[in-house]
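First up is the structure itself, then whatever we jot down about it.
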Amino acid sequence: PSPPATSGGDGAPGERMKPLPAPLPPGLGASERELEHFLRDALSSCIMLERYPRCVIQVVVQIVQADGGVLGTAVNCAVMALMDAGLAMRGLPVASTCVVFGGAGEKSGQERVGGGVTVWLDPTAEEESGE
């Protein structure tokens, strides 16, 4: 087994983090976890972490209404919050959401004969799900 993770939070140095229970509690579905991992990876790669040793940088994203484009909006808001906090950053990631359809009326994502595709920027949640 892998060694337990240590707490980087408000606990004592070396304090063990509690693992998640085997069945995930309600509200921690795959989409929320994927969003969390993507945000963590995107933000930690652009923050100059070497300038903040032994510090915790915590970004809380609260989604009030999700009508499409949640990931792009979350990335942009988190980056603006880090900029407002004055953190040293290597770059400023920006995000947008788009949906690519194979052609008129097709929602398979495959190109139709002739290579035409349709791209929608800033789709609604219904358009993102392909319904």
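A short reminder: the numbers here are calculations on the coordinates, not readings from a lab. This one's a predicted model, so the numbers in the text were calculated from it and none came from an experiment. Counting neighbours? That spans all protein chains shown, and the Cβs are built from the backbone with ideal geometry, glycine included.
Values as computed for the structure displayed
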read-out: Region 37-98: translational diffusion in µm²/s, Stokes-Einstein, Kirkwood Rh over Cα pairs, 25 °C, 0.890 mPa s; value: 198
read-out: Surrounding net charge for D67, when Lys and Arg each add one and Asp and Glu each subtract one, Cβ distance under 13 Å; value: -4
read-out: Spin-label model distance (nm) - N76 vs E126, 7 Å beyond Cα toward Cβ; value: 2.2
read-out: Gain in span if fully extended, D84 to E36, counting 0.36 nm per residue against the direct Cα distance; value: 15.2 nm
